[in-house]
Amino acid sequence: MAALAGRVLEVTGPVGTTVSTGLVVPSSASNLWLRTHGIVDPGMASLQVNSGPWIPLSNGNCTIEGLGAKLNGIGGPMDTLCFTVPGAVLVPGVRNTFTFRFNGSTGTETAFRILDLNFRNAQGQLVLNMSEPVQPYVSVIPSVRSPSFSQATVDAQKVLGQQLWTGGTLRSSWSGPGIRAKCADCHTTDGRDLKYFNYSSRTIQERAKFHGIDAAGATAIAVYVESHGTARLGSPWNPPYQPAAGLDSLPIANWAAGGGIAAVTTNETATFNALFGGGAPSFNFAATINTRQLPIHVPLPDWNTWLPQVHPLDYWGDSFLPVDSAFKILRSTPKEHFQVAQANAWATYLGWAASHLVPMNGDTEDSAAFQNARYSLAKWRLVRMWDALQTLALEDSGKYMFPWPESAARTWPGSAGTAFQAAPQLSMTRQAPGSLRDSTAKTFAVRSLQWYWLQLVLNDSNHRRNDTSPIDWPYLMGQIFHLWEHDIPSEAMLISVMAKSAEAGTSDPFNPINAYSGFSAGPRLGWIFGSTTHASWSSYDPGFRDSVIGAFVEESSNWTTLFGRNHFIDVTGEIDPFDNDNTPGTPTAPPWIRSHAGVISTAESLGYSPEVIQQLKDFGAQLWPDATW
């Protein structure tokens, strides 16, 4: 990172906390440029340059760049943002002082970070590759770092820290009411998540004080977390499990750290290159698209987003205790006595046990509190699963969990779709105001897609259909299609998911699908074309577009030839009896025949080549031979 030389400015503490750094501004600089993490609430952060006025870092004062600009900027679903601050008055040629202030938040945020500080010139180019070192905000724990403390003192603080982590009395915020949850209830049982994701001691201390722990206790908690044996492999701003090339070559311990925010691409070129190996477009549904290493242009949720905002115990009370007990039993099971098959059953049980809480309020409550409780319950399940898998070292036990040749070694257990169920589209019943940052349809859709894609990375069904678990493919495809509605081209993501859903049936090819299991040649085939109202593939050469679609239809046809037409359609549920008028386009034709005819019509109106049009007609004749194509 440019001016900060790989270091980070961290602003955390009570309202009004400031952090400053100095830097000589190049003569070619026109605008200050920042990469930030955690500025998710408009007004929570301000900037002062030298002795100038304080500038709130808001959408009105900042020019948001990249994907963040299309996703509502500050307050939207993007946790890491890049932007310029046109109102920041720079003095070129001399050392300028940049001061950042935490103004408080309407949510539960208590920190933000400046990951990079740079400048854009008049041509819009970044000026700095590397500059003089600056002094970041460094946290030091005296009991650990200072030689003036004995080992006995350090050990005593570890004990106190563990006691407070698992049993300390907390409140919801600086001046909020008391809560029943403990640190270990929302985080991992032993605090390893904060060590693994490299949260600074300062952040841990300030967050503990935010929840009502005094300064001495907050330091003890930080000492306890730091003493955990897990390695510091991730970071607060690097999304867990973010796909990246080469990630599988690293030790399994590195998987959760992901490829880093740098692995998030600026467009889908890298996705297509990885999908086709840099060659001509082709598909092989019997092979596996490795979504752990398939780069995408959407960041997955960061660890802060994984953590529940409200613990289920503080919303549902004692009714939640049986669910919590189920986790604690599994978490305490020694690995040598733990059969991996139990993880599959436990994952499913945890989902069932947690779901019984929701009907207590019904599905008609609109309050943000209820919607947040539902969302937090789903995220609590996800964190509990991560805790157990890390503790029991099970993330590379896929061949034992799913004993068939096509399964992956690195995978999460179960068919419950733990990450999939965290999507607001499923965990919430509606978009209540205040339930998701800016509460817009765009944020709702993108957050859902992030969780859906995380599930695709963690457990992509391992070539086995299981109704709508662990992935409900139409839901995932639909959320990607929504990106087009918001002017975010995502053709590579969608074609990848279409191919992955087709993979879901290849380990048992003679088992007919139902309407929800994987790819089916009904209306979902048309999604890869886009529509006349939502321009898709517009940034690609028509020849490349046609070759991608043609290759997909060709492989679909190959599988139909090998295993029959009921491989991609449900004979009982997706085809009407052939005693109707089967002429495509007529009102009495079966609905899925009419749908395929609509796909052909859309492809024609979007200018696809005659060869692709003929492929679609031939494929229709394979699936519905009694129809006239």
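Straight-line reach from residue 379: which lysines fall under 23 Å, measuring Cα to Cα and dropping same-chain residues less than 8 apart? Correct list for residue 379: 182, 195, 328, 442. Taking packing as the residue-averaged number of other Cβ atoms within 10 angstrom, the listed peptides 18-31, 65-78 run from highest to lowest as 65-78, 18-31. Would you kindly give the portion of the calculated P(r) for the range 1-119 that falls above 19 Å, as a percent of all Cα pairs? So the portion of pairs separated by more than 19 Å is 41 percent.
Compute the signed sum of charges (Lys and Arg +1, Asp and Glu -1) over the other residues within less than 15 Å, Cβ to Cβ, of residue 18. Here the charged neighbours net out to +1. Summary of packing: across the peptides 404-410, 256-262, the per-residue average of other C-beta atoms within 10 Å ranks them, highest first, as 256-262, 404-410.
Determine the sum of side-chain charges near residue 209: Lys and Arg each +1, Asp and Glu each -1, restricted to other residues whose C-beta is under 14 angstrom from that of residue 209. List each step's numbers first, then the result.
Values: positive: 171, 202, 207; negative: 206, 214.
After counting each charged neighbour, the total is +1.
By accessible area, using a 1.4 Å probe on protein heavy atoms only, the range 441-489 has 43% of its surface on carbon and sulfur.
A cut-off under 12 angstrom between Cβ atoms defines the neighbours of residue 253, and their net charge, with Lys, Arg +1 and Asp, Glu -1, is +1. The eigenvalues of the Cα gyration tensor, multiplied by 5 and square-rooted, give the range 19-62 an equivalent ellipsoid with semi-axes of 20, 12, 11 Å from largest to smallest. Sequentially through the range 106-119, phi angles give Karplus couplings (6.51, -1.76, 1.60; θ = phi - 60°) of 7, x, 10, 6, 10, 7, 9, 9, 9, 7, 7, 10, 8, 9 Hz, Gly and Pro residues having no value and appearing as x.
Annotation for the range 222-299 versus the range 374-429: alpha-carbon center distance of 17 Å. Under 5 Å from the amide H of residue 168 lie the amide H atoms of 183, each residue being 5 or more positions distant or on a separate chain, with H modelled from the backbone and absent for Pro and chain starts.
The values are calculated or read from the model by the stated rules, or taken from the named source; none is laboratory data. This one's a predicted model, so the numbers in the text were calculated from it and none came from an experiment. Ideal geometry is used to build each Cβ from the backbone, glycine not excepted, and the neighbour counts take in all protein chains shown. For accessibility, only protein heavy atoms count, side chains too; no ligands or nucleic acids. Shrake-Rupley method; radii C 1.70, N 1.55, O 1.52, S 1.80 Å.
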